[in-house]
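Read through the structure below, which is laid out as structure tokens, and then see the notes.
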Amino acid sequence: MQTAFIQGMGIGASLIIAVGAQNAFVLKQGIKRAYPFPIALTCSLIDALMITAGVAGLGQLILAVPAIKHLASFGGAAFLLWYGFNALRSSFKSQGLQTGDTEAADSFRKAMITTLAISFLNPHLYLDTVVLLGSISTKFDTEVRGWFGAGAVLASFIWFFSLSFGARLLAPVFSRPAAWRYLDRFIWLTMWSIALAILWPYFQGRGF
């Protein structure tokens, strides 16, 4: 039981703590101090839902029905390209972070819709949490498999809340317009790189 829980935390953390679309968005919102708690909670709960589904066997269903993977791939890539373009366009504006007004920068509704979109439209959510973690969990006996999932869920909660609230420590740096431009361009490169990685197998004719 203890071994499964610790391995779940370690493997879950290794998949979650990486430069990705969701982490880049959480980081930016955290720096702006724009709804850090609900965004961190939403990302954590989504991960918890997907990890639980993967441990329960949903990953095998996704592998058995390729159309689900293709739909998620094209929809996710389109969203990442659009979001990355907006970040690139924003990087050409002269702006600094005014910490007193950051909460009003985006509406709560917009922030939550974007959080849901950048999570559910990212194919890596399904491939990492559902398929990969779900597959790894099968090496454990049924009675301790849940502990593996619980460890991965805990790693997700720790990471997203640490990232969301820890990002505010960078706020003084982002009071300078140049720093904000670099962050937006970093987000643009991240989003487009992930979108290209998703679509590349289709360009090579190996996606279907």
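Miscellaneous remarks
- Candidate values [x] 16.7; [y] 18.6; [z] 17.8, label of the one derived for Kirkwood radius over Cα pairs in Å: [z]
- Think of a 1.4 Å ball rolled over the protein heavy atoms: the chain then has 51 Å² of accessible area per residue.
- Estimated purely from DSSP H runs of n ≥ 4, each contributing -39500 (n - 2.57), the mean residue ellipticity at 222 nm for the chain is -24000 deg cm²/dmol once divided by its residues.
- Rounded Å value of the spacing that divides the Cα centres of the range 107-142 and the range 1-15: 17
- Listed residues ARG145, ARG109, ARG33 arranged by accessible area, highest first, probe 1.4 Å: ARG109, ARG33, ARG145
- Just the protein heavy atoms count here, and of the accessible area of the chain at 1.4 Å, carbon and sulfur take up 69 percent.
- Taking every alpha-carbon pair under 8 Å whose residues sit at least 6 apart, the chain reaches a relative contact order of 48 percent.
The values are calculated or read from the model by the stated rules, or taken from the named source; none is laboratory data. Just so it is clear, the model here is predicted, and its values are computed rather than measured. In case anyone asks, the SASA skips ligands and DNA or RNA and just uses the protein heavy atoms, side chains included. Shrake-Rupley method; radii C 1.70, N 1.55, O 1.52, S 1.80 Å.
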